[in-house]
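The next block holds one structure in the form of structure tokens; read it before the comments.
The values are calculated or read from the model by the stated rules, or taken from the named source; none is laboratory data. Note that this is a predicted model, so its numbers are computed, not measured. Here the Cβ is made from the backbone with ideal geometry for all residues, glycine too, and neighbour counts use every protein chain on show.
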Amino acid sequence: MTLGHHLGGIGRAFARYPWHVALSIAVLTLGLTCFIAAGLFARYVASFDSTLPHSDRIYVVYQSIDLPANQLTLPLSARTSVPVAERLRLEVPELDAVARFMGSSALAGVPGAEALRDGGVFFVDADFTKIFALHAVAGELEGSLARPQTAVLSADTATKLFGTDSAVGKVVTISRQGRTADVTVTAVVDVPAHSHLAFNVLCSWDVFAAWLPQGVAATWIAVSVRTYALLPADGSLTARAFNPTFFVS
């Protein structure tokens, strides 16, 4: 009886005010659609990197700078200075791994040939492959960037450069601002599709360090590197406990 009464009321209102009722229904429909879309988008974003091994222990290190004497203040951001990783390793040895991830304008190519214009060349510390256990389609990921002048390629990039993803042992030339370095491919990996990671080449950090001015390598105010930390698997150091432990004055 109550439902019939309401339906009758809606029918009478629609007959009397058709445009007003139609507009109300349209607004309610739009609101419900936006609500559902926002929920699905939030769920999509929250699921990023969830398929990576031990993703619950991987954290991005944030840095802020406040130097009143130098009249320098930089807000908290997801970029750090170069020395942060080394300081973390010394002051928080409980961390399973710490690694830098540095983007650049570098290009990759086969020696003697024109470089690919895709970009996507990053320089990382050896422990990057410990933090992000990517699936290797060729070679062994573990320790793949521990030796100098080495590189890990995405499967797509390996195919573009060599016509196959079996590129382990081959040489790639990295060029940046007039400088070049030949690196040896030690592994080829699949880049996670549902992840913030997007790269074509991962080069061992020593290649970038050789090109980095000494002043930039030592300064704390040049904030340009993404630094990752891997918390211990045994739970001996949690994110809540880690946050207040690292402070540089």
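Worth a mention:
- Residues that are surrounded by fewer than 15 Cβ atoms within 10 Å (Cβ to Cβ) number at least 1 in the following strands (runs of 3 or more DSSP E) confined to segment 153-249: 171-176, 179-189.
- Number of positions in segment 129-177 that are in contact with an Asp or Glu (Cβ under 6 Å, 6 or more places away or on another chain), under 30 Å from residue 229 (Cβ atoms) and in contact (Cβ under 8 Å) with a residue 60 or more places away in the chain: 0
- Screening segment 95-128 for residues that are in a loop (DSSP other than H, G, I, E, B) and touching a Gly at 6+ places or on another chain (Cβ under 8 Å) and picking the one that is farthest from residue 233 (Cα to Cα) gives 115.
- The set of residues from segment 178-202 being farther than 18 Å from residue 139 by Cβ and over 24 Å from the mean Cα position of the chain (by Cα) comprises 178, 179, 180, 181.
- Figure legend. Inter-residue proximity from segment 84-95: first residues in contact (Cβ under 8 Å) with a residue 60 or more places away in the chain, second residues of a type in the set (A, V, I, L, M) and assigned to a helix (DSSP H, G or I), beta-carbon distance below 9 Å, spacing 6+ or different chains. Indicated pairs: 95/88.
- Only a single item in (1) at pLDDT 90 or above; (2) assigned to a helix (DSSP H, G or I); (3) surrounded by 10 or more Cβ atoms within 10 Å (Cβ to Cβ) is not met by residue 42, and it is number (1).
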